[in-house]
Structure formats: C-alpha cells, structure tokens
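**Student:** This structure is in structure tokens; I'll ask about it shortly.
The values are calculated or read from the model by the stated rules, or taken from the named source; none is laboratory data. The structure presented is a predicted model; accordingly, all values stated were derived computationally and were not measured. Neighbour counts are summed over all protein chains in view; Cβ atoms, including those assigned to glycine, are modelled from backbone coordinates with ideal geometry. Just so you know, the surface numbers come from the protein's heavy atoms only, side chains and all, with ligands and any DNA or RNA stripped out. Shrake-Rupley method; radii C 1.70, N 1.55, O 1.52, S 1.80 Å.
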Amino acid sequence: DFSLDVSRSMGCCKSSLDTDPEGEPPAKRRKQEEKATESDAALGGDAGPGASAVAPPAGFRVSQGGHLKGDDNELSMVRAGSEHASAELVRQVARPKQIELPERDLPMEDLSHEEQGSMETTAPLPESMPAGAILVLDGSMESMADVPEGMPAASIESMEGSIETTAALPEGLPAGPQLSSKPPKRKPIRGRADSAPPMKRVVSTSPKPVTEEKPQRPASKSELGEPWPVFLERAAATIADIGEGEAALFELFRTTPDLSLTYSAFARLYRLVVSKHSNGASLESLPPWSPAEEEQRPFQFPYEAMRVFLGGHKAKELWQKLDRRTGRPEYSRQPCRGRRCVIVGAGPCGLRAAIELRLLGARVTVLERRESFSRINQLHLWSWCGDELKALGARSLEPPGQGFGSNPDVLSIGIAELQTLLFKTALLLGVEVLMGVEFQSADYDGSFQSWSVQLARSSVAGARPAEAHVPDGQTDEAPTKEAFGFGPSPTAPSVLSDVAVLVGSDGLSCHVGQGLGVEVSEVGSLRSEDAIGLVFNFAPLPSSATEKKLRSFSMARQFFEDLFRELEEEAGVKLENIVYTKSPLTNYFVMTPTRKSLASCGVLKDVTKRPLLGKDNIDKAALDALVRRVVAFKFKKGKDDQPTLAEVAGDPGRLTYVDNGPQLFDFSKLRRASSGLRFVEPAAGAPVEDCLLLAVVGDALLEPFWPEGLGIVRGFFSALDASSAITAWASGSSREKVLADFAKAFTQLKTLGAGTRTSVLRAEEKHFGLHPSSRYKSI
C-alpha cells in the first residue's frame, strides 16, 4: 500500500480539522468567508479606496468569481482593505485525504502543490519570519526553533526543532498561503512498480570524515573520447529505418542480438525520454552515466526515465523485475556512491560485477576488447544462476528467448546470449560499456593524488576508418567528427581518470591482476587420465517431427556404467561424462574422454609430447571421426527413447560444424589466483589512503571445470564477494578487515563443487545476496 499519510511520510503534523485556529467550526467559518467575498467586487474591479489588483501566484489563474484556480486547486481570494495589505489565500477545509507521494526524489516542477507542501491542511504562515528561525510543526504552529543560517527560504525543518528532513513549499505563493487538501491529478511520473517495495533514500546520520579536497585533473581534449551528441548522430543513422517512437526503439533494444543496434536504440531512447522531463534540456547532451548534474536528475537509473513513457506488457514486466532488484535493502544507502570503478572484460562475470557495483551506487565503466559477442558454447547453469538471470531480465529481454529455463533436463544458456542479456541490463542501470578498447596500465598521478587507467584501441577490434586518423602532434586538439563512426559503443578516450577500484575479469590470462601484483598458480584438478575436455558444436537441423524429439541430456559414467561401457565398445572411446544441449544456435556437446582412449583412436600422435594437446600433436581427421561416432550412439533408450543427432540428420557425414570444429582442453592443471583482492600502493611518499583497490573475478580468479557447470556459479559468486569487499572498504572498514573477510569467502569459493555443494552453501537459495554470509554456511 503506497498511499502514504502525508503528515507521517514527510515529518509534518496535521492541523485539527474539528475547529479552526479561531475556535469556530470549519463549515461556519467558510460561510462567513464566502459572505465576505460576495460583498466585495470582482477581483480586478473597484474594491474600495486604496485597493489594488493582486497578481495570482505562478501556476494559478483567477476566475470571474474571484477564485484562484489551477491543477485542480481552487482557493478563494479576498481583498484586503488597504493597498499596503497583501492578499491572502483562504483555506477551503475539506475532509483529510491521503496523497500518493512519489517514492523517489522528483524536481519541484514535476510535483503538484500538495506534494510540494506535503501537508493535508495547514495553518497560515507568518508574512515575516526572524532570520535563522522556522516554525516547528507540532500541530499548534506556535513555537519557533532556531536553525543554522543560510537555510533556503522555501523549506521547513522537521518536528520539534530537530534537523532531519525538509519539506519544501512551492515557490511563488503570497505570504500566508494555505495549501489545499484536495488530491491533485497526478502527472505520469511514477516512482516504482506496484509490485515492488518502495525505495527510500536513506541519508546517513554519522559524521563524515573531514578530508582535504584533492586537486582535479583536467583532461585534454584528446582524452575525452567521442562526445555523446556525436554518438547520438551515429546511433540515429544506424537505426534510421526504425523511427523515433519510444515503443519501436524499446522493442528493438529489447529483442535484437546485435550490439550496434542495441546500443543505438538505447542511446536514442534515453535521449527521447529525458527530453520530455522538466529539466531534460540540461540532460539531453549528457550520457546516462555522466556524473555532471547527477543531483538534478529526477531518476537514479536510466530505466526509471523510460518507464514513464513505456507501459506495454513486456516493458512493465521488465520494470517490475528491476524495481525488485534495485529495491533491496543492501542498495538503499548507495555505499559506493562517488567511486569510479573500471572493469576490464565484458564477459558474463565482468558484466555481473558491473551490475552489482552500479546497484551499489558506483560510477562503472566496462572495457571490452572485442566489438561483438560471438561465443556459442552453452553454459550449464545451477538453479540459483537461472533464477538470478530471470530476476535480471531474462525472458523479458532477448536473447535468450522465451523458452529460457523451460528445459526440464538441462538448464543452460549460450555464452553470447548471456553476455547480451547482462549487457542490456547494465545499460538500463547506467553502466558505461566501451568496446574495441584494451586496458594498458593503471598509473598514480601524484600531482592530483588519483589513479588513472590508460587505454588503447584493441588489436582485435574492427578496422579504424582511414578518415579517422588524427595526425601526430595534435594530441591537444579535439578529434573531428570523422574521427569517430566505428564500433557499437562510443569511441573510448585514451585515459580514464579518478579511478578508485579496478576489477580484472579478463579470463584465464589475468593480465590485469598479474600486472598489478596478483600471483597466479596452477593446481591439480582431476587425475591426468580423466582431465581432458572435448567440446564441439554441430549446426541446428531443419525442423521436423523427428528433430523435435531431440532433448538435452547430461549423463555420468558412475550412474550409467553399462551404457558407457557399450559406448566404449561401439565408438572406441572411454568417456567419464557427456552433456548435450540443444539450442536454437547449436547442438552443443561437452565430454571428458580419457587420454588413453584418445591415443588408441589415433587422435593423439605422441602421448609423451608436451604440451600433449598442442595443435601439431592432434590428428584432426581422427578427432572428427571420433565425435561423429559419439553422436551416432544412442544414449537415450527405453522409456526415455529419443533419436540420435545422426539419425535426425540421416547420416553423420551430413552434420556440419558452426565453428572451427572439435576442441580439446587439458584440465589436469587449473589456474588460480593466489588472492582475489589487494590494495595497490601509490608512489612513495603519497598518502596511504590513495591506494587503488584491485579485485579479480570469474575465470581470472578460478579456472572452472566445465562439465560440472562451475564457471558461472563460481564466477557470479566471485563478483558478489568482490562487490561486498568494495562496499565494506567504501563504508570505512579497515584494509586489514576487508582483506580478512574476503579471504574467508575465497576459501569457501575454492572448495565449491558439484560434490561439495550442500556442505558449502546454505540451503535457502532465495536468500542469497551480496554479503558472503548469505551464501556460505561457515561465514
């Protein structure tokens, strides 16, 4: 129930409705005032010697009967007898009504006068007030409370003189105004979806530490990257055939898998909706992640600006999901507000970390060296991961499609599909994603006491247009418009300044972490005999009655010993397990053959050679023949009978790969970071508090073992663990405590596997959250 009593919600007290300040019943008092009004002339006419017309307040008009009208407010105006006496607005006493207040801060011009005043009924305010004093709203409107000098004129402090909350009164009303209790017609600006708990902005009452203001580092024009207005022009050209309607732009953004179309539709849609807000003129030229004028925005996240104008079924469903997530208690205080976090790598774990840090209030920038998401391998998901993705927009945003999570046999998602989903959610929450750019280094600038991240154009990004060349010697000149025009995102600057947190999510290489002191080691995994992974993707087959019978499955030798022994006899390969995933993009297989069986099949040319799985030691033709024998084997028999992929194709030779063919991976040794969190010290002599907080997440922290589906669950947990540590540091915890608490979580994460799941994790998955104690039993 979001219909809040105004006096309670804004710290105001009701005036008595049984009697007015003079002790007379309201009805009687109103009749006397109406008679006084009738005896007077029309408002603009002759009202006696010395009378003069009074201009109505802003937003009101005067009716022929002398009534002040506007926004469903109608207040009688009476004339004073002297030309020096000001007009007053006479209260229309009505039954108290509840007014639905917005749950988020909105600009004054977007609120009705009832909302601005935040009172059901009021007593007249004095025409003059002593400097430094205000009325205490204790119901009597008599006592005065001293407050600090310089307080805005149109504001009132809370009850009994305490300085806690402020209820702003509308500007432009004459002295002694009365605010009507009649509920206004609401403008189409809403705070949250009906299904979501209200988010309240909580202001910490603890004293803030006094810190010396650091000098600001001015950026040269060449460091600024592509201006947002220029990117908006590019975006308009990219989606020129879509039009400028909100619904069409949102539907394109919601459904397209193309990153250029996604980014362009988002940029144009955001510009369109903010231009319709009251202060949109100052926001149109700024990206949604710009810190400039942040306090002037009538919303916290970009999706909140869009929801006002988009109310379709899918849009409403998405807004409700995001409302529920942003409304969680751990995000209400925005503990990371004002911190700039740079995340290297837009893989699933990097984007998940970006979303979490943005929810915590940080300004987040993600760097991705590629300009597209193209990995089609399917990821096996644990049940919590599937629920988490649905809560972040899956089935409302596409890809994945509407069928995500509907397969009763295997819960899975393509890597590119997962990246696209999280990419869209990140944009809606205000995460800046820069593509086609590589991390170079993180440097401390002693002159400005801050860290900066150096960037470079990625070597794997699309070719830069010839006209984009900026001649040498023009580093201080702003690049021309022709210098941009490539890549799905705005062109990245060469430097990101004032960085407080750096997160490495750049895969097994852990380039970011190792470059800043994180040690990486190799640890044993399975027995070397069983630690080889085989992955391949066959193209989808034409739809038919037989093809529709194909269903995903996952099988392990320990549960189907006889079946796997039969496979070994027919196909000549010994497997420990096999996972098949059917998706619209691929028929994906992952399995673990033994080294000995690969050698007996002729796949390995020399079992003594190192590296064992080097390209020159693999017979590709023998490997291709092996995988075709495997897909021709009937794994599902009896009551669960289903055709093989080879039977659906008619011949194993007709199956075609959608990528470069089968790939072998060695899991006998897995890479692992020694620590996932460290404080990087600034230059010698610099203040200790100027350290850079470095975290590594995902595969850069722990290399996963794919057949068990550990990649995403451990990757997402690592993103939450790192975000929890960053939050603790931003909230004032000591470095020692932050490192110790993270080490406890990392210890638990390292032991998490399919066999240890119940002993490591708590049973109630729906309670998993930011803090490690909500997930790990021993914390």
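**Student:** Greater than 19 Å separation of Cα atoms is the criterion. Which listed pairs, Lys609/Lys669; Lys669/Lys750; Lys316/Lys766, meet it? The partial results should precede the final answer.
**Tutor:** Working: Lys609/Lys669 16 Å; Lys669/Lys750 15 Å; Lys316/Lys766 23 Å.
From Lys609/Lys669; Lys669/Lys750; Lys316/Lys766, over 19 Å: Lys316/Lys766.
**Student:** Please compute the length gained on full extension between Glu681 and Glu522, using 0.36 nm multiplied by the number of residues separating them and subtracting their Cα-Cα distance. Please list the in-between numbers first.
**Tutor:** Working: separation 159, 0.36 × 159 = 57.24 nm, distance 2.66 nm.
Fully extending the segment from Glu681 to Glu522 adds 54.6 nm.
**Student:** Per residue, how much accessible area does the range 267-363 show when a 1.4 Å probe rolls over the protein heavy atoms, in square angstrom? Present the calculation step by step, with values, prior to reporting the outcome.
**Tutor:** Working: 3060 Å² over 97 residues.
Dividing the accessible area of the range 267-363 by its residue count gives 32 Å².
**Student:** Taking the Cα centre of the range 618-703 as origin and charging only Cβ (+1 Lys, Arg; -1 Asp, Glu), how large is the dipole, in debye to the nearest 20?
**Tutor:** Computed about the Cα centre, the dipole is about 580 debye.
**Student:** Hey, can you rank 571-580, 634-643 by average C-beta count inside 10 Å, highest first?
**Tutor:** Details: 571-580: 20.7, 634-643: 11.9.
Per-residue mean Cβ counts within 10 Å order the peptides as 571-580, 634-643.
**Student:** I need the shape label for the range 488-619. Rule: rounded when a/c is under 1.5, else prolate if a/b > b/c, else oblate, with a, b, c from the alpha carbon gyration tensor. Spell out each step's value before the answer.
**Tutor:** Details: a/c = 2.48, a/b = 1.47, b/c = 1.68.
Cα axes put the range 488-619 in the oblate bin.
**Student:** Per residue, how much accessible area does the range 391-435 show when a 1.4 Å probe rolls over the protein heavy atoms, in square angstrom?
**Tutor:** On the way: 930 Å² over 45 residues.
I get 21 Å² per residue for this part.
**Student:** Read phi for every residue in the range 710-719 and hand back ³J(HN,Hα) as whole Hz from Karplus 6.51 cos²θ - 1.76 cosθ + 1.60, θ = phi - 60°, with x for Gly and Pro.
**Tutor:** For the range 710-719, the Karplus curve yields 7, x, 7, 5, 6, x, 5, 4, 5, 5 Hz.
**Student:** In nm, what is the difference between 0.36 nm times the number of residues separating Thr255 and Lys750 and their Cα-Cα distance? Could the numbers behind the result be given before it?
**Tutor:** Numbers: separation 495, 0.36 × 495 = 178.20 nm, distance 3.68 nm.
My answer for the length gained is 174.5 nm.
**Student:** How large a share of the accessible area of the range 325-469, in percent, is made up of carbon and sulfur atoms when the probe is 1.4 Å and the other protein chains stay in place? Write out the running numbers ahead of the final one.
**Tutor:** Numbers: 2100 of 4580 Å².
The value for the range 325-469 is 46 percent carbon and sulfur by accessible area.
**Student:** Give, as a single signed number, the net charge of other residues whose beta carbon lies under 13 Å from the beta carbon of Cys336, with Lys and Arg counted +1 and Asp and Glu -1. Before the final figure, lay out each step's value.
**Tutor:** Working: positive: Arg333, Arg337, Arg339, Arg340, Arg358, Arg363; negative: Glu330, Glu356.
Here the count lands on +4.
**Student:** Oh, and also: What list of ³J(HN,Hα) values in whole Hz, one per residue of the range 447-458 in order, does the Karplus curve 6.51 cos²θ - 1.76 cosθ + 1.60 (θ = phi - 60°) give from phi, with Gly and Pro shown as x?
**Tutor:** Karplus values, whole Hz, x for Gly and Pro: 5, 10, 6, 8, 9, 9, 10, 8, 10, 8, 4, 5.
**Student:** Hey, if we sort Glu417, Glu233 by accessible area with the 1.4 Å probe, largest down, what's the order?
**Tutor:** Glu233, Glu417
**Student:** Let me ask something else. Within 10 Å of each candidate Cβ there may be at most 16 other Cβ atoms; applying that plus a DSSP loop requirement, which chymotrypsin sites (Phe, Trp or Tyr not before Pro) in the range 541-571 survive?
**Tutor:** Details: sites: Phe553, Phe559, Phe560, Phe564; in loops: Phe559, Phe560.
For chymotrypsin sites (Phe, Trp or Tyr not before Pro) across the range 541-571 that sit outside H, G, I, E and B with at most 16 neighbouring Cβ atoms in 10 Å, the list reads Phe559, Phe560.
**Student:** What accessible area, in Å² to the nearest ten, does a 1.4 Å probe give for Asp606?
**Tutor:** 60
**Student:** Can I ask one more? Write down the accessible area per residue of the range 565-715 in Å², having rolled a 1.4 Å probe over the full set of protein chains. Intermediate results must be reported in sequence, preceding the final value.
**Tutor:** Numbers: 6700 Å² over 151 residues.
Ligands and nucleic acids excluded, the result is 44 Å² per residue.
**Student:** Sticking with this structure for a sec: What's the carbon and sulfur percent of the range 631-779's accessible surface, probe 1.4 angstrom, rounded to a whole number?
**Tutor:** Numbers: 3220 of 6490 Å².
Carbon and sulfur: 50 percent of the exposed surface of the range 631-779.
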